[in-house]
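The values are calculated or read from the model by the stated rules, or taken from the named source; none is laboratory data. The structure presented is a predicted model; accordingly, all values stated were derived computationally and were not measured. Here the Cβ positions follow ideal geometry from the backbone for every residue, glycine too, while neighbour counts run over all protein chains shown.
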Amino acid sequence: MPPGNTQVYAGLSDRALKSVPLSALAPLTLRQAEVLGWIAAGKRNREIAELLGCSLRTVEKHVENILEVLNGETRSGVAAWWHERRRAIERERERNGGQQSDRYDSSSS
């Protein structure tokens, strides 16, 4: 494991996976946002199903809905969208001295 006791999933640390507030992933549902995070980490549907403890068909349906909601054509396209959101949030946090902006605070929505 890398320094700081951080787990890594397909090249993404657990910190990176959790660095995108769910409010920044609107209009996705909580579960869709979770599935999208695993897609962005490079996981296949079967792996995501095992990680989430649900059926492969359920994950396939979540992926289908994610693509529809985000007007995405491919898994790599929606994964890129997730990474772009994460980078924008990290840049904003750096500008705010490490503080998360209210812009992504789910309680302000």
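Inspect segment 93-105 for any residue being assigned to a helix (DSSP H, G or I), acidic (D, E), at pLDDT below 65 and in contact with a helix residue (DSSP H, G or I) (Cβ under 8 Å, 6 or more places away or on another chain) and give the result as yes or no. Spell out how you get there, then give the answer.
Of segment 93-105, the ones assigned to a helix (DSSP H, G or I) are 93-95, 102-104.
With the extra rule that they be acidic (D, E), the set shrinks to 94, 102.
Remaining after also requiring at pLDDT below 65: 102.
This time we only want the ones that are in contact with a helix residue (DSSP H, G or I) (Cβ under 8 Å, 6 or more places away or on another chain), so: 102.
Among the residues of segment 93-105, at least one is assigned to a helix (DSSP H, G or I), acidic (D, E), at pLDDT below 65 and in contact with a helix residue (DSSP H, G or I) (Cβ under 8 Å, 6 or more places away or on another chain), which makes the answer yes.
So which pairs qualify, if the first residue must be in segment 46-66 and of a type in the set (F, W, Y), the second must be surrounded by 15 or more Cβ atoms within 10 Å (Cβ to Cβ) and in a helix (DSSP H, G or I), the Cβ gap must be under 8 Å, and the two must be at least 6 apart or on different chains?
none
Restricting the search to segment 29-48, which residues are aliphatic (A, V, I, L, M) and assigned to a helix (DSSP H, G or I)? If you could, list the steps in order and put the result at the bottom.
In the first step, residues of segment 29-48 are kept if they are aliphatic (A, V, I, L, M); the result is 30, 33, 35-36, 39-41, 48.
L30, A33, V35, L36, I39, A40, I48, listed by residue number.
Please work out if A79 is surrounded by 14 or more Cβ atoms within 10 Å (Cβ to Cβ), small (G, A, S) and modelled with pLDDT of 90 or more. I'd like the intermediate steps shown before the answer.
On the way: surrounded by 14 or more Cβ atoms within 10 Å (Cβ to Cβ): yes; small (G, A, S): yes; modelled with pLDDT of 90 or more: yes.
Judged against the criteria, A79 is a match.
Considering E64, E34, which residue is among the acidic types (D, E) and modelled with pLDDT under 95? It would help to see each step written out before you state the result.
Working: E64 fails: modelled with pLDDT under 95.
Checking each option against the conditions leaves just E34.
Report yes if some residue within segment 8-28 is modelled with pLDDT of 75 or more, part of a helix (DSSP H, G or I) and under 14 Å from W81 (Cα atoms); otherwise report no. Walk me through it before giving the result.
Step one: filter segment 8-28 for residues modelled with pLDDT of 75 or more, giving 25-28.
Of the ones still in play, those that are also part of a helix (DSSP H, G or I) are 25.
Add one more test, that the residue is under 14 Å from W81 (Cα atoms), and what stays is 25.
Yes, there is a match, as at least one residue in segment 8-28 is modelled with pLDDT of 75 or more, part of a helix (DSSP H, G or I) and under 14 Å from W81 (Cα atoms).
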